Structures are given as C-alpha cells and as structure tokens.
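Undergrad: Structure provided below as structure tokens; questions to follow.
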Number of protein chains: 2
Amino acid sequence: MTDASAPKTASPQTDKRAADDLFRILERKISSGELEEGAPLPPEREIVQTYGVSRTVVREAVLALSNKGLVEAKPRFRPIVRKPSADTALETIESLVRRLLVQPNGVKNLFDTRILVEAALVREAAVKANKSDIANLKTALDANLEAISDNDAFYRSDMAFHAIFFDISGNPLLPAIHRAYTAWLAPQWKQMPRMADRNRTNYDSHKAIFDAILMRDPDAAEAALRRHMTDAWTQVQMTFGDI
Amino acid sequence: MTDASAPKTASPQTDKRAADDLFRILERKISSGELEEGAPLPPEREIVQTYGVSRTVVREAVLALSNKGLVEAKPRFRPIVRKPSADTALETIESLVRRLLVQPNGVKNLFDTRILVEAALVREAAVKANKSDIANLKTALDANLEAISDNDAFYRSDMAFHAIFFDISGNPLLPAIHRAYTAWLAPQWKQMPRMADRNRTNYDSHKAIFDAILMRDPDAAEAALRRHMTDAWTQVQMTFGDI
DNA sequence: AGCCTGCTTTGGTATGACCAAACTAGACTC
DNA sequence: GAGTCTAGTTTGGTCATACCAAAGCAGGCT
C-alpha cells in the first residue's frame, strides 16, 4: 500500500532534490505535532515505503533533520523527535561558533557582546528586580562566599550568580543565551588558574554589583559589572599571554 | 591507487559512523585552509578513492558540511568551501529560530532581546560615538526624511539607521546580529501597513534618539529608543490583532 | 521469576547502475 | 581565427540490493 503517485524508476530529477522535499515533509509533520516530541521516527525502510523514495533519500532527509536539531539521532537508534528550543537552536551552531572563536579577536568579540548584554541586564535588575530576584542574588552571593576555597565549587556558584541576571526578565531566550556564553567561553576560562584570592576578588565584585542593585542604582550596577568583566578579561589575557 | 589501508568490505562498524569521521576530516581540511575558501570540494568519487569509503559515506559527510554551513551546495554543482562567518552561523539556525518564533510570545521574546541590545548600543553611542559615527547617523536620518513618502525606501533607510548602532563598536558580531534580527522579524513588519504619517512618526523617533546622542545623554537616548521600539511593537500588535 | 539463546528489526555501509544537468573539447561555420 | 554547435565526459542525485553488527524480542531453559 501507500504506493502513492511517485514515479518508481530513477527519478527524472527536475530542479530540486527529492531529499529536500522529504525533509520538508518530515519537518512539517514534526512541527504540526503529527510526529510527537520524544517519539521515534518511523524506521527508514517504512518511510521508503510510505513516500516511494529510496533509502538514500530518506537517510539524507533524516540526516538533515538531525543536523538542524529537529531530531536527535544517536549512533544506532531510531531518531527521536525533538521540538526546537532556544537551547537546541544554539547547540546547532556550536561548532560554527567554535570556529569563529579561533579567528583573530574572536573570543574578545564574543566576550564584548556578553558585557554589552549583561550590562544591560544588571541595569534592568537595578530598576526592576523584585524581592524574589534579590533574594536569589543574595543566596548566590552567599554561595560564592562559602565556595571561595573550593575552585570548582566557586566556578559553579560564579556562573549561578551571573545566570540570575539572565533569568530575571522572564524572557526564555536569555537563559539560553547565558548557557551559550558560558559554554563557548568556558574553554578559555577553564585553563585559567583559580586561586582563592582571585575568588575573593570576584566575590567582592559580585557583592559590589549586588549592592548597587540594592541601592537601585543602574549606573553603579553597570559600572561594577563592567569592572568585574574587564577584570576577568585581563585575567584571561594574563593566562594566555595574548589572544 | 590510494587504496590506503581501509578494509574494503562492509566495514566492521565499531562505535561511531564513518561518515562522522570523514566529516571531521573534511572539517579540519577546511578550517586549516588546505581546502581554500571559494574552491570546490573534490568530486565525490575522488573522495571515495582518497579515503577508501563508500559514496554513501561521502555524501552524508558532505551533506553534514553543507548543513553546518561549511560548504555551499547548490543543487547540481560541486560544493563550494565557505569559511564560517557570524552570518553563516546565524543562517544555520534560521529554520530553528523560525520555529521558535511561532511559539507563544516567540516574536515578542525575540523583539525584547533586540530592545535590550539596541538600548545598550544607543547608550554606548551616546557616550562614545565619534564624529564619523554621528555623521553617518545624520546621513541616515536625512535619508529617512527624504523617503517618508516612499514606503519601500523608508523601510530600507529605517533599517540602515538602526544598523549604524550595530556598527559603531566595530565588533563584527553585532552587524550580523542586526541582520539576523531584521531577517527574523521581517515577516511581521512586512505585512504592517506603512503610511506616510507612520513614517513621519518613526522619523521623529529616530531624530529624538539622534538628538539625545548629540547631547551625549545616554539615559535620554535609551528612553527615546525604548519609546520608539515599544511604539513599533504596538503597531505590529494592532496589525495582527494579537500575537 | 529470571537468565540465556537465537531470530528479527534497524541503522550504517558498500556496490553498482542510471539519469540529467554541467562541463569540455573538438568539429563546424562565417 | 573567433564564435558556435555538438557529442562525449564529468559529476551530483537517486535507486536498488546486499551485508554487518548492535538492539530489541520472544520463546525456552534453569
């Protein structure tokens, strides 16, 4: 059954490839919900039957879905349908970005955009952080202090502190952006020697930002954030000599 | 020739796929410059010979390169090597983002991040725009004024005005981000009726931002920008009823 | 009930073949 | 001799078939 109307023999290929068509068909079935999130794709041989195309075409279409992040294809299993999230979107360009970063000033440019964004976020926080947000910041700050002597723990609590700024607005894109920043910049930071006094300095910087937010002073908050970030950048540069 | 050492028969597939390996090999050859930008990839059949794999594997690897934006594969031509740029990186997630946008508040969330970023940029412009930057803004502003009666022209000059803020810092990532914003948000704006009086209002908004920058007043510049953007958002909402 | 074994399913790969568009080079015309 | 036409040669796109090995399953054994 389901012979459909497709011409069986070597297709008289017109302008576009059959693989693209099938890709679009599957794409639609996923976004329309006909193929449910978490469910596996039909077996390749079944898709072959259904659409009257060769397995080659099916594989290429599925591979494209996988590359675009619409399905998750583990080496030897049926591909699992994945609805797109901001995270998967950013994961998709992960390798691209990694290549961008090795270009001259690549890391610096990315880091600068982070400063730009996070400066705006701390300003926002200074203006409209509510009780709950401030409590979260305080908790994270305390965690910083407690972890000063434990580099790994401090690294985590450091990221957690910054993450809060990306959460405050409630815009779901921002936390994803923060994760992207940390993931992409991590290779630089990881190798940076982390000593207790560095952690102490960072804690102080965090506290300065926090205090400025408490005072509802966006200018001071931004200034503190920028000091903190440029300081961190200086540290990275000292570690790597130059970038 | 080039029989190499690969076992010819059906490969005893271990843990990972040969296509991934070949992908990584080609990936390296591209980023190392061994395969030059703009040059075509070798013919599939030649790659088959060189690496002792089947054409199936070669096709999958090349398709993966194409999906990641490392090569540009037109329907019937040899794939052309493309070095990654911020633009290609963002093009890669284009379809993903498009899907993100149809989710509840998708457009709004993206637009909010644009406001966040551009607000930060106009602040920056107010503080450190140099003569040349300001001249560019003036030129763009004049172009706005001139195009008020021509909707298409105004749309272009409108974008050009905003683009300047993304150029000022000299960070090459930002112009790419601007293009991504305009491309992704364009579907909404395109359908918006553009009347001369709307253009006039937008021109006035632009002028307010420009004036604030001239006065070196970041707070005023940000405020003017936010008014402009929220006004634009209101217009979009009125056009679509609700989003 | 729990473990073992063998059949079936399914993705990964290899081959070989054919089509049609693109490319190339030699023949032909002016 | 420059330009054009044409036949043969690439080359990407697709199809069909076959085999491997891991995963999944089911029936049988302990």
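The values are calculated or read from the model by the stated rules, or taken from the named source; none is laboratory data. Keep in mind the model is a prediction, meaning the values are calculated, not measured. Glycine also receives a Cβ, built like all others from the backbone with ideal geometry; neighbour counts cover every protein chain displayed. Note: areas computed on protein heavy atoms with side chains; ligands, DNA, RNA excluded. Shrake-Rupley method; radii C 1.70, N 1.55, O 1.52, S 1.80 Å.
Undergrad: What's the carbon and sulfur percent of the protein assembly as shown's accessible surface, probe 1.4 angstrom, rounded to a whole number?
TA: Of all accessible area on the protein assembly as shown, carbon and sulfur atoms account for 54 percent.
Undergrad: In nm to one decimal, list the spacings between the B:E34 label point and its equivalents in the other copies, with label points set 7 Å along Cα to Cβ, shortest first.
TA: Listed shortest first, these distances are 4.4 nm.
Undergrad: Sticking with this structure for a sec: Shortest first, in nm, what separates the label point of B:R55 from those of the same position in the other copies (7 Å along Cα→Cβ)?
TA: 1.7
Undergrad: Still on this structure, I have one more. Take the Cβ-Cβ distance between B:A163 and B:W189 as r, set R0 to 22 Å, and report the resulting FRET efficiency rounded to the nearest 0.05.
TA: Calculated value: 0.90.
Undergrad: For the protein assembly as shown, treating each Cα as an identical point scatterer without solvent, what Debye log10 I(q)/I(0) comes out at q = 0.07, 0.09, 0.13 1/Å?
TA: -0.47, -0.76, -1.33
Undergrad: A follow-up question, please. Tell me the distances, shortest first, between A:A163 and the same position across the other copies, using label points 7 Å along Cα→Cβ, in nm to one decimal.
TA: Distances to the matching label points in the other copies: 3.8 nm.
Undergrad: Sticking with this one: State, in square angstrom and to the nearest 100, the accessible area buried between chains A and B, both chains counted, probe radius 1.4 Å.
TA: Buried: approximately 3900 Å² between B and A.
Undergrad: Where does the charge balance sit around A:K83 when Lys and Arg score +1, Asp and Glu -1, over other residues with C-beta under 10 Å from its C-beta?
TA: 0
Undergrad: For B:E37, what accessible area in Å² do you get when you roll a 1.4 Å probe over the heavy atoms of the protein chains, rounding to the nearest 10?
TA: Answer for B:E37: close to 90 Å² accessible.
Undergrad: Would you kindly derive the ³J(HN,Hα) couplings of the range B:204-211 from the backbone phi angles with the Karplus curve 6.51 cos²θ - 1.76 cosθ + 1.60 (θ = phi - 60°), listing them in order in whole Hz, with x for Gly and Pro?
TA: So the J values, rounded to whole Hz, are 4, 4, 4, 5, 4, 5, 4, 4.
Undergrad: Another one. Grab the eigenvalues of the alpha-carbon gyration tensor for the range A:18-83, scale each by 5, take roots, and send me the semi-axes largest first in whole angstrom.
TA: 16, 13, 11
Undergrad: Give me the net charge for the shell around B:I177: Cβ to Cβ below 13 angstrom, other residues only, Lys and Arg +1, Asp and Glu -1.
TA: -2
Undergrad: Can you work out ³J(HN,Hα) from phi for every residue in the range A:132-140, in order, using Karplus 6.51 cos²θ - 1.76 cosθ + 1.60 and θ = phi - 60°, giving whole Hz and x for Gly and Pro?
TA: 5, 4, 5, 4, 4, 4, 4, 4, 5
Undergrad: With springs only between Cα atoms under 10 Å, which of A:I209, A:I30, A:I168 fluctuates most in a Gaussian network model of chain A?
TA: Highest fluctuation of the listed residues: A:I30.
Undergrad: While we're on this one: How are the C-alpha pair distances of the range A:167-243 spread across 10 Å bins, as whole percents from the shortest bin up?
TA: Bin by bin from 0 Å, the calculated values are 17, 38, 37, 8.
Undergrad: From the backbone phi of the range B:158-164, what are the Karplus-calculated ³J(HN,Hα) couplings (6.51 cos²θ - 1.76 cosθ + 1.60, θ = phi - 60°) in whole Hz, Gly and Pro given as x?
TA: 4, 4, 4, 4, 5, 4, 4
Undergrad: Near the amide H of B:V71, under 5 Å away, which other amide H atoms are found, from residues 5 or more places off or on another chain, if H is placed in the peptide plane?
TA: Distant-sequence amide H within range of B:V71: B:S66, B:R82.
Undergrad: From largest accessible area down, sort B:D133, B:D197; use a 1.4 Å probe on the protein chains.
TA: Numbers: B:D133 20, B:D197 100 Å².
Solvent-accessible surface, decreasing: B:D197, B:D133.
Undergrad: Would you list A:R156, B:R114, B:R98, B:R59 from the most to the least accessible area, probe 1.4 Å?
TA: These residues rank, largest area first, as A:R156, B:R98, B:R59, B:R114.
Undergrad: In cubic angstrom, how much convex hull volume per residue do the alpha carbon atoms of chain A span?
TA: Values: hull volume 41.6 nm³, N = 243.
Cα-based convex hull of chain A, divided per residue, equals 171 Å³.
Undergrad: With just the Cα atoms defining each centre, how far is the range B:31-96 from the range A:164-243? Give it in Å.
TA: 37
Undergrad: Here is a further query. At 1.4 Å probe size, with every protein chain present, just tell me what the per residue accessible area of the range A:91-240 comes to in Å².
TA: Numbers: 6680 Å² over 150 residues.
The answer is 45 Å² per residue.
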